[in-house]
1. What is the sum of charges around Gly75, taking Lys and Arg as +1, Asp and Glu as -1, for the other residues whose C-beta is under 12 Å from the C-beta of Gly75?
2. Can you pull the Rg over Rh of the range 1-112, Cα-only, Kirkwood?
3. Let me check I've understood the local charge: for Met7, count other residues with C-beta under 14 angstrom from its C-beta, Lys and Arg +1, Asp and Glu -1. What total comes out?
4. Determine the distance separating the Cα centre of the range 59-110 from the Cα centre of the range 1-41; give it in Å without decimals.
5. Show Glu59, Glu99 ordered by accessible area, largest first, where the area counts protein heavy atoms only and the probe is 1.4 Å.
6. Pop the C-beta distance of Arg17 and Arg37 into the FRET formula with R0 = 35 Å and round what comes out to the nearest 0.05.
7. Can you pull the one-decimal nm distance between simple spin-label points at Thr93 and Ala72, each 7 Å off the Cα toward Cβ?
8. Counting other Cβ atoms within 10 Å, keep those with at most 10, restrict to DSSP loop, and tell me which chymotrypsin sites (Phe, Trp or Tyr not before Pro) in the range 18-118 are left.
Amino acid sequence: MNKVVLMGRLTRDPEVRYSQGENTLAIARYTLAVDRRFKRDGEQSADFINCVVFGKSAEFTERYFRQGTKVAVSGRIQTGSYTNRDGVKVYTTEVVVEEQEFAESKNASSAQSYQTSPAPAPSVEAGDGFMNIPDGIDEELPFN
């Protein structure tokens, strides 16, 4: 089985090209910066993964995806190789995207100026880690 699921931000605007011939096909390429959960000192904190999208999804990518957009994608890993102009064989690895979607709202992505502010701590009244339930709402709870 060859299946990959990623969530990250586009490192730059997608590059879109159209195939030649009678039935043109849109082909979009972009790179996702995917944060690592764990990192060692001196290591980068993200992986940069090349993605390729075809057809209507590529047209959607061209229209709506921009640098910094947070997206979730699923697809398959594909490897290949080619010989460059200098005669050197180059090996490639990319994700062929089968599904893609926004991973945050447009407002959240435009409002996020990459500032990190700590989330407010929940109000705990009893001091035992649980919040007190106000009196008189027992009837509204789905369990008793």
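The values are calculated or read from the model by the stated rules, or taken from the named source; none is laboratory data. Note that the structure is predicted; figures quoted are calculated from it, not measured. Glycine gets a Cβ as well: all are built from the backbone with ideal geometry, and neighbour counts include every protein chain shown. These area figures cover heavy atoms from the full protein model, side chains too; ligands, DNA and RNA do not enter into them. Shrake-Rupley method; radii C 1.70, N 1.55, O 1.52, S 1.80 Å.
1. -1
2. 1.01
3. My count for the surroundings of Met7 gives -1.
4. Result: 0 Å between the Cα centres.
5. Ranked from most to least accessible, the order is Glu99, Glu59.
6. Working: r = 34 Å, r/R0 = 0.98.
Efficiency, rounded to the nearest 0.05: 0.55.
7. Going by the 7 Å Cα→Cβ label model, 2.4 nm.
8. Loop-located and lightly packed - Phe38, Tyr114.
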